[in-house]
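Got a structure here, written out as structure tokens. Questions coming.
The values are calculated or read from the model by the stated rules, or taken from the named source; none is laboratory data. Nothing here was measured: the structure is a model prediction, and the numbers come from that model. All Cβ positions, glycine included, derive from the backbone under ideal geometry; neighbour counts span all protein chains shown. These accessible areas exclude ligands, DNA and RNA; they are computed on the full protein's heavy atoms, side chains included. Shrake-Rupley method; radii C 1.70, N 1.55, O 1.52, S 1.80 Å.
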Amino acid sequence: GVTRLLLTRIPFFKEIIVSSFACDSCSWSNTEIQSAGRIQEQGVRYTLAVTSRQDMNREVVKTDCATARIPELDFEIPPFTQKGVLTTIEGIIDRAVAGLEQDQPIRRETNEEVASKIDEFVGKLKQLKEVHSPFTFIIDDPSGNSFVENPRAPQKDEALVVTHYRRTPQQSAALGLEVEEKPADSAEDLRNEVLQFNTNCPECNAPASTNMKLVQIPHFKEVIIMATNCDSCGHRTNEVKSGGAIEPQGTRITLRITDPSDMTRDVLKSETCSVEIPELEFELGMGALGGKFTTLEGLLKDIAELVEKNPFTLGDSSTPSRTEKLQEFIGKLHEIMEGKTTAHFIMDDPAGNSYLQNVYAPEEDPELKVERYERTFEQNEDLGLNDMKTEDYESEGASRR
């Protein structure tokens, strides 16, 4: 077949491209239209009160993203179900009738009840063309490129109401447009965006970049994950900072490790958290290993690596007895990780910003115990809370002066 294209202009509207296809073999033909301009700033809605046969002859441009409705029949042609057309109101009704009647012979054989209801509805659509009673015809196009003719132009048409509106984000997405971004300081943007800033590598001091992401931990709070990767020496490090304030009370979390599956529990260890394993007589002070968001197995592996790389237990300075104790400790730690030995894993965080996953959440975990306690003066001193004043500090400073 042959497709012909024509660039034309509709009076009092805009330029469009009309494409016409014809097949000489089977005589099938088809006509479509496309807007020759851009998507408009606003969507448009045409509401026409059809009261006479002359109204049925009004020219209509319906793009493929437009919705056509006749409220009196509760009839609607959804967007993106038909190609764009340049036709009349009667032509749109005829096209809808042809689409409904297309599969009627099959429906009459398979589902006669549905076929009879469609026949009844098609009859109502055909009666509309005679305009025995007024009805409303609505074209709603979020692209703003549809059109209903005003035969009285440039004068106002009392029967035609044209409304321009701002598109919703869903409509913009359906048109392939970028959704308008929120302000850069929006908290929602920070949650969905990975921020990056320049820094130096802690190992070789070469320029590197640090990525930062705000993450919501289920049944806990928000944390900030920071990761640095050096392209020069390959050094990589990650660190976790609490995204919230210091809690009113400290937190002591005790987990009884009874199964290898406990190794997959998520763990958030803040910088102020100390770790204890009573069965190994092991205690890791606050500040060691920094803040980490990992699994229990990952944290125990970091502990093993930290102990193995202790400079006082390696090389010429180490003694056989100390090396033997170290190997024994690491062996027991691996037994715990493999589930061969039960042990208690205790996290004590005076700031209350550490977390150990409850796999039964929101129900209670029989092997997990979370205790809240009042901080001592020394713990508040370590956190810098004793000298911190967040209320009435301006008036107090003025009185001292």
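Can you report the principal axis dimensions of the chain using only the alpha carbons, biggest first, rounded to whole angstrom?
Each principal axis gives a Cα extent; for the chain these are 103, 72, 46 Å.
Here's another thing I want to ask about it. When the expected Rg is taken as 2.2 N^0.38 Å, what fraction or multiple of it is the alpha-carbon Rg of segment 137-178?
Compactness ratio reported: 1.44.
Right, another one. With labels modelled as points extended 7 Å from the Cα through the Cβ direction, what inter-label distance (nm, one decimal) is found for residue 170 paired with residue 256?
Between residue 170 and residue 256, the label points sit 5.1 nm apart.
Just to check I understand the Karplus step: with θ = phi - 60° and J = 6.51 cos²θ - 1.76 cosθ + 1.60, what whole-Hz values come out for segment 232-238, glycine and proline as x?
After applying 6.51 cos²θ - 1.76 cosθ + 1.60, I find 7, 10, x, 5, 10, 8, 9 Hz.
Taking only Cα atoms, what is the 0 to 90° angle, nearest 10, from helix 112-128's long axis to the longest principal axis of the chain?
60 degrees
Test of understanding: extend the Cα→C-beta vector of residue 161 to 7 Å, then name every residue of segment 36-58 with backbone N under 16 Å from that spot.
44-51
Would you please give the FRET efficiency between residue 83 and residue 192, computed as 1/(1 + (r/R0)^6) with r the Cβ-Cβ distance and R0 = 41 Å, to the nearest 0.05?
About 0.70, to the nearest 0.05.
If you don't mind, another one. Any chance you could tell me what percent of the C-alpha pair distances in segment 38-175 go past 18 Å?
Of all Cα-Cα distances in segment 38-175, 58 percent exceed 18 Å.
Let me ask something additional. Would you calculate, for the chain, the mean residue ellipticity at 222 nm contributed by helices, counting each DSSP H stretch of 4 or more residues as -39,500 (n - 2.57) and dividing by all residues, to the nearest 500?
Using -39500 (n - 2.57) per qualifying helix, the result is -7000 deg cm²/dmol.
Something else: Starting from segment 38-94, pick out the chymotrypsin sites (Phe, Trp or Tyr not before Pro) whose DSSP state is loop and whose Cβ has at most 14 other Cβ atoms within 10 Å.
Listed in order of number, the matching sites are 80.
Could I ask something else about it? Nearest 0.05, what FRET efficiency do residue 131 and residue 153 give at R0 = 35 Å with Cβ-Cβ as r?
0.95
I've got another one for you. Can you give the FRET efficiency for residue 231 and residue 374, using 1/(1 + (r/R0)^6), R0 = 51 Å, r = Cβ-Cβ distance, to the nearest 0.05?
0.60
Taking the Cα-to-Cβ direction at residue 361 and at residue 335 and moving 7 Å from each Cα, how far apart do the two end points lie in nm?
That separation, rounded to one decimal, is 3.3 nm.
OK, next. If 24, 94 are ordered by their accessible area, calculated over protein heavy atoms with a 1.4 Å probe, which sequence runs from highest to lowest?
Accessible-area ranking of 24, 94, largest first: 24, 94.
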